[in-house]
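Presented below is the structure to which this report refers.
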Amino acid sequence: MLQKRMSARGQQKSLWLALMAALSSPMLVSAEDAKTLDIDNVPVTGNPLGVASDDMVVPVSVLGGRELSLRRQGTLGETLNGIPGVTATQFGPNASRPIIRGLDGERVRIMQNGVGILDASSLSFDHAVGVDPLIIEQIDVVRGPAALLYGGSAMGGVVNAIDHRIPKESLNGYTGRAETRFGGPDNTRNGAAVVDVGNGLFALHADIYSRETSNLEIPGYALSKRKSLADGTARDSRGKDKLNNSSALANGGALGASWTFDTGYLGISYADSNNHYGTVAEEGVRINMENKRTELAGEVRELKGPVQKIKVRMAYTNYEHVEVENGDPSTTFKNRGLQGSLEATHVPLAGLNGVVGYQFQNTRFQALGEEAFVPSVTTVDQGAYVYEEYAIDKHKVTFGGRFGETSIDSHVDDKFTQAFSKHFNPNSFALGGLYTIDESWSVTTNLSHNERAPSYFELYANGPHIATGQVEVGNTNLSKERSNGIDAQLKWKSGGHSVTLGAYATKFKNFIGLFNTGIEVPVDGELLPEAQFRAVPALFKGLELEGKFALNDEWTLKMRGDYVHAKDTRNNQYLPRISPLRLGGGLDYRLGNWNARLDVLHAFKQNNVAENELKTNAYTNVSALVAYKLPVKYNVELFAKANNLLNEEIREHASFLKDIAPSGARAVLVGARADF
């Protein structure tokens, strides 16, 4: 198995040949000769009725098309980092999960085409997310509680990556895209090609991608000055100008097919991906990850009777990764299971439009080897929900509830000699509204009660977690995590101008966190601090700002900002890894086939830190983009991106490795993208 994984480099040449052939293929026809799919018509995550984001009562950001293509990064977390309210765990350049409003891990549900992903990224942040941004066509981000529709793991928000591997619309002809890019601080060499073909009744999809990076270039030392002063470690102990063990090689692809008809579709897809990367926290450790996913999806519309539409989505995932230490396999993580949902939209009833749905998950997680700090676990989760909207003239009221059942059963093995079985019934409710003041102004608000069952590692962890440098101890006495939240937005839109100002507050009765006990435990001749999962009362609150102003036909001014304030209300202490106040702005210039952008993001110094957490200096990240659409019949665009133009030492406070792994140095990346 290990030899199969390590053969990926040998396969890369054929992948690159396929990618380059796709870029130069004569299939790149003009828009007049091809019928293309409108990917922006995909319903927005967070509302099962498929309304536009402007009509939703929860804050949603949507990235797709050209905009997503130009901001892609190597990880899902870094691709989304900088959206108001969104930061990233940033465990080096190869593993980064999104953080929404200071909440991460099991409180942010990461989905692929509306079905949850299975990997090991929430267990340990050195584990990469099992979806690659290169093949994603659209990303929806729900900022704030979405437990009503997606369960307790969406208590902080939802990230839904949409790849269109199952075609949903009739296609007569072919359509697709191809892109490639080179450079940047990690000397990336990547590319992707996607094609869909159909005869009006059946549609086929195929995609392929490859990405290779070198060790990340950084401005100065990997170790921060604060860390060096705190424990006396020499700043050159982790290297200078390069981030050691940060290179990566990833590739994958998928095939999909659908039967499309006037009132729906039924399709299936199979995807296989590999990711081989270094973990910068442990310079001798590489991770070899394999992820196989089979999806089934279908929808029937315009039904007769009380139900208008039925939608089904299912995915079976076979995930495995092996941690290779100094060339020898040490620990293996496996996560396998079936997830899915069945949703029915009913006919209008007394002015109510809505859906009823059922979601299920049956998974088996295994950790095998010397560094396994959690037992093998079987998780069975199911929930039924109802979501309704009631329109009153130009206004709207939304409400609903979710009733769930979760069982988490651990298994005995050589390391864990006692089995546990825990059962929970998490229920969630929400009430929201949209009030239209006039043609330009509107107000939205959402009240929610959210419940989450503890995760398997919060319950059963017991052992040294080398990636975080501590001994983690679970707590089988944990009960459901409960929170109450309020979210409000003031929106203004006029012509090409828009501004959205949002505020929120979430109060946890028992926020489950990992807290240092002050005890040191001997592990292989070394003392490691002990950290235990505990439930504490907590309060999260914050502000978000986003605006756009069309100065004239060529110039557009953009602005954004966010702020999170989070405390343990038992002792009025700050919670760890909370991003500081961030303010940003940018100018966008368009003239003919040219597009240029300049963006500035300033993160203030973070002084509000938890016990035993170091402060983080302020930084200003200046980036720029120049793009040119070739004057040919094909839709081909060349672009160049420059990041960190001031070459500042950027350390994201939300990162676990902020004091040993800064962001990349000043660098330029060039690329090309084509739609056909």
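The values are calculated or read from the model by the stated rules, or taken from the named source; none is laboratory data. All of these numbers come straight from a predicted model, not from anything done at the bench. All Cβ positions, even for glycine, are placed from backbone atoms using ideal geometry, and neighbour counts span all protein chains on display.
Mind counting the residues in segment 354-387 that are under 15 Å from Tyr150 (Cα atoms), surrounded by 18 or more Cβ atoms within 10 Å (Cβ to Cβ) and not polar (S, T, N, Q)?
6
Name the residues in segment 338-353 that are of a type in the set (Gly, Ala, Ser), surrounded by fewer than 20 Cβ atoms within 10 Å (Cβ to Cβ) and in contact with a strand residue (DSSP E or B) (Cβ under 6 Å, 6 or more places away or on another chain), would you?
Across segment 338-353, the qualifying residues are Ala344, Gly351.
Against the definition (among the β-branched types (Val, Ile, Thr), modelled with pLDDT under 95, farther than 21 Å from Arg482 by Cα and in a strand (DSSP E or B)), how does Thr363 come out, yes or no?
Details: among the β-branched types (Val, Ile, Thr): yes; modelled with pLDDT under 95: no; farther than 21 Å from Arg482 by Cα: yes; in a strand (DSSP E or B): yes.
When the stated conditions are applied, Thr363 does not pass them.
Report, by residue number, each residue of segment 388-428 that is surrounded by 15 or more Cβ atoms within 10 Å (Cβ to Cβ) and β-branched (Val, Ile, Thr).
Result: Val397, Thr398, Thr406, Ile408.
Can Asp588 be described as modelled with pLDDT of 95 or more, closer than 30 Å to Val499 by Cβ and either surrounded by fewer than 17 Cβ atoms within 10 Å (Cβ to Cβ) or touching a Phe, Trp or Tyr at 6+ places or on another chain (Cβ under 8 Å) (or both)? Walk me through it before giving the result.
Values: modelled with pLDDT of 95 or more: yes; closer than 30 Å to Val499 by Cβ: yes; either surrounded by fewer than 17 Cβ atoms within 10 Å (Cβ to Cβ) or touching a Phe, Trp or Tyr at 6+ places or on another chain (Cβ under 8 Å) (or both): yes.
Judged against the criteria, Asp588 is a match.
What about Met56, is it surrounded by fewer than 18 Cβ atoms within 10 Å (Cβ to Cβ), at pLDDT below 80, out of contact with any Cys (no Cβ under 6 Å at 6 or more places or on another chain) and among the aliphatic types (A, V, I, L, M)?
Values: surrounded by fewer than 18 Cβ atoms within 10 Å (Cβ to Cβ): no; at pLDDT below 80: yes; out of contact with any Cys (no Cβ under 6 Å at 6 or more places or on another chain): yes; among the aliphatic types (A, V, I, L, M): yes.
Here the answer is no, as Met56 does not meet what is asked.
Taking Asn318, is it polar (S, T, N, Q), out of contact with any helix residue (DSSP H, G or I) (no Cβ under 9 Å at 6 or more places or on another chain), buried (at least 20 other Cβ atoms within 10 Å of the Cβ) and under 30 Å from Glu343 (Cα atoms)?
Values: polar (S, T, N, Q): yes; out of contact with any helix residue (DSSP H, G or I) (no Cβ under 9 Å at 6 or more places or on another chain): yes; buried (at least 20 other Cβ atoms within 10 Å of the Cβ): no; under 30 Å from Glu343 (Cα atoms): yes.
Against the criterion (polar (S, T, N, Q), out of contact with any helix residue (DSSP H, G or I) (no Cβ under 9 Å at 6 or more places or on another chain), buried (at least 20 other Cβ atoms within 10 Å of the Cβ) and under 30 Å from Glu343 (Cα atoms)), Asn318 does not qualify.
Condition first: on the phi > 0 side of the Ramachandran plot and either among the aromatic types (Phe, Trp, Tyr) or touching a Leu at 6+ places or on another chain (Cβ under 9 Å) (or both). Can you find one or more residues in segment 199-208 that meet it?
Just the residues of segment 199-208 that are on the phi > 0 side of the Ramachandran plot, to begin with: 200.
Retained after the next criterion (residues that are either among the aromatic types (Phe, Trp, Tyr) or touching a Leu at 6+ places or on another chain (Cβ under 9 Å) (or both)): 200.
Yes, because at least one residue in segment 199-208 is on the phi > 0 side of the Ramachandran plot and either among the aromatic types (Phe, Trp, Tyr) or touching a Leu at 6+ places or on another chain (Cβ under 9 Å) (or both).
Of the residues that make up segment 473-495, is at least one buried (at least 18 other Cβ atoms within 10 Å of the Cβ), under 13 Å from Leu514 (Cβ atoms) and either of a type in the set (Val, Ile, Thr) or at pLDDT 95 or above (or both)?
Checked against the condition, which is being buried (at least 18 other Cβ atoms within 10 Å of the Cβ), under 13 Å from Leu514 (Cβ atoms) and either of a type in the set (Val, Ile, Thr) or at pLDDT 95 or above (or both), segment 473-495 yields at least one hit.
Looking at segment 381-407, I want the residues that are in contact (Cβ under 8 Å) with a residue 60 or more places away in the chain and over 17 Å from Asn425 (Cβ atoms) and have a partner that is assigned to a strand (DSSP E or B) and acidic (Asp, Glu) with Cβ atoms under 8 Å, at least 6 apart or on another chain. Which pairs are those?
Note: pairs meeting the criteria are Lys396/Glu389; Thr398/Glu388; Thr398/Glu389; Gly400/Glu388.
Restricting to segment 97-142, give me the number of residues that are within 16 Å of Ala161 (Cβ to Cβ), in a strand (DSSP E or B) and more than 10 Å from the chain's Cα centre (by Cα).
Count: 4.
From the residues in segment 560-580 that are in contact with an Asp or Glu (Cβ under 7 Å, 6 or more places away or on another chain) and modelled with pLDDT under 95, which one is surrounded by the fewest Cβ atoms within 10 Å (Cβ to Cβ)?
Taking the candidates together, the pick is Gln573.
When the residues of segment 211-248 are filtered to those that are touching a helix residue (DSSP H, G or I) at 6+ places or on another chain (Cβ under 6 Å) and surrounded by fewer than 20 Cβ atoms within 10 Å (Cβ to Cβ), which remaining residue is farthest from Val668 (Cα to Cα)?
Restricting to residues being touching a helix residue (DSSP H, G or I) at 6+ places or on another chain (Cβ under 6 Å) and surrounded by fewer than 20 Cβ atoms within 10 Å (Cβ to Cβ), the top hit is Ser228.
Mind checking which strands (runs of 3 or more DSSP E) fall wholly inside segment 215-319 and carry at least 3 residues that are in contact (Cβ under 8 Å) with a residue 24 or more places away in the chain and among the acidic types (Asp, Glu)? Give the derivation first.
Details: elements: 217-221, 240-242, 248-261, 264-278, 285-300.
Answer list for segment 215-319: 285-300.
Please go through segment 257-277 and give me each residue that is under 23 Å from the mean Cα position of the chain (by Cα) and surrounded by 22 or more Cβ atoms within 10 Å (Cβ to Cβ), ordered by number. Break it down into steps so the answer makes sense when it comes.
In the first step, residues of segment 257-277 are kept if they are under 23 Å from the mean Cα position of the chain (by Cα); the result is 269-277.
Correct list: Ser269, Ala271, Asn275, His276, Tyr277.
In segment 445-471, what count of residues is obtained for those that are within 25 Å of the chain's Cα centre (by Cα) and either under 15 Å from Arg107 (Cα atoms) or part of a strand (DSSP E or B) (or both)?
Within segment 445-471, residues that are within 25 Å of the chain's Cα centre (by Cα) and either under 15 Å from Arg107 (Cα atoms) or part of a strand (DSSP E or B) (or both) number 15.
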